[in-house]
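Read the figures in this text as sums done on the coordinates, not as results from a lab. The shown structure was predicted, so the numbers you read here are calculated from the model rather than taken from an experiment. All Cβ positions, even for glycine, are placed from backbone atoms using ideal geometry, and neighbour counts span all protein chains on display.
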């Protein structure tokens, strides 16, 4: 049997300044937003956005506005999505606890829907096609997801399923209450739907693509990688595995992949102007 790794049980507080406690998870959110700003500014150098900046159609100010609507969508959508998807009956009985965000509980799929709504509002106020906006931001999102998974790992939460003790990177998470080796699924997700998805999507989006193609590719890519990662992630204790032995996360990925595939195929349909 290989020696098992032990999660170091990091202090969730990274820094204390008098009565103020700065948490690692908050810092990973800041890192996610900072990476978005950096990558979005780099995206403005890609075609066709480079030409649109020259024509005054896009500007650096747009990045800051996108950031505002995106943060709003992530926080509100992520929290409301968690309450609806994972604990609807509980929050129906305890509605005020919906606002207790400090107790944890965020859903990526809810946050994604929130961002979609935020981008719809941005597109409406700027009189631009919605897919033009989502195609722009899609390659800038995975690094933020990677940052969030680092926060999950530091907090010792969302641990993986039980693993073979001989797996070299199997890890014991004392927070789980079971001193047995598990898959460090947070790191799987960091590498898959975070770094790998970023590289693939960034390279794909470097060249002009039909409107909607990058958005569809993101939905298919994230949904597929998250679906696979869920096989190594411990299901939510109050839900367990649902129909067909799939987790809630996997079931939420199914419509995401299907819709993304439809959008991607629609975007790549033959047209007289395939570039944009």
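Within the chain, the proportion of Cα pairs with more than 26 Å between them is 47 percent.
For region 111-169, a Kirkwood radius taken over Cα pairs fed into Stokes-Einstein (4 °C, viscosity 1.567 mPa s) yields D = 90 µm²/s.
Computed FRET efficiency, Cβ-Cβ of residue 41 and residue 11, R0 45 Å: what is it to the nearest 0.05? Mind showing how you got there, number by number?
On the way: r = 34 Å, r/R0 = 0.75.
Once the sixth-power term is evaluated, E becomes 0.85.
Counting 0.36 nm for each residue step from residue 92 to residue 61 and taking away their Cα separation leaves a gain of 7.2 nm.
Take the convex hull of the alpha carbons in region 10-87; its mean projected area over all directions comes to 8.1 nm². Placing a label point 7 Å from the Cα of residue 236 along the Cα-to-Cβ direction, the residues of region 140-181 whose backbone N falls under 15 Å of that point are 158-159.
If you take all C-alpha pairs in region 47-133, what percent of them are over 18 Å apart? Tail of the P(r) past 18 Å holds 52 percent of the pairs. Per residue, the chain reaches -17500 deg cm²/dmol at 222 nm when only DSSP H runs of four or more residues are counted, each adding -39500 (n - 2.57).
Over the chain, Cα pairs under 8 Å with separation of 6+ residues give a relative contact order of 20 percent.
Highest mean first, what order results for 196-204, 175-183, 136-144 on Cβ atoms within 10 Å? Could the numbers behind the result be given before it?
On the way: 196-204: 17.1, 175-183: 15.3, 136-144: 23.9.
Result, highest mean first: 136-144, 196-204, 175-183.
Its relative contact order, with pairs defined as Cα atoms under 8 Å and 6+ residues apart, puts region 73-162 at 30 percent. Give the calculated FRET efficiency between residue 203 and residue 54 to the nearest 0.05, with a Förster radius of 25 Å applied to their Cβ-Cβ distance. With R0 = 25 Å, the Cβ-Cβ based efficiency is 0.55.
Bridge orientation summary for the chain: considering DSSP beta bridges with both residues in this region, about 80 percent are antiparallel.
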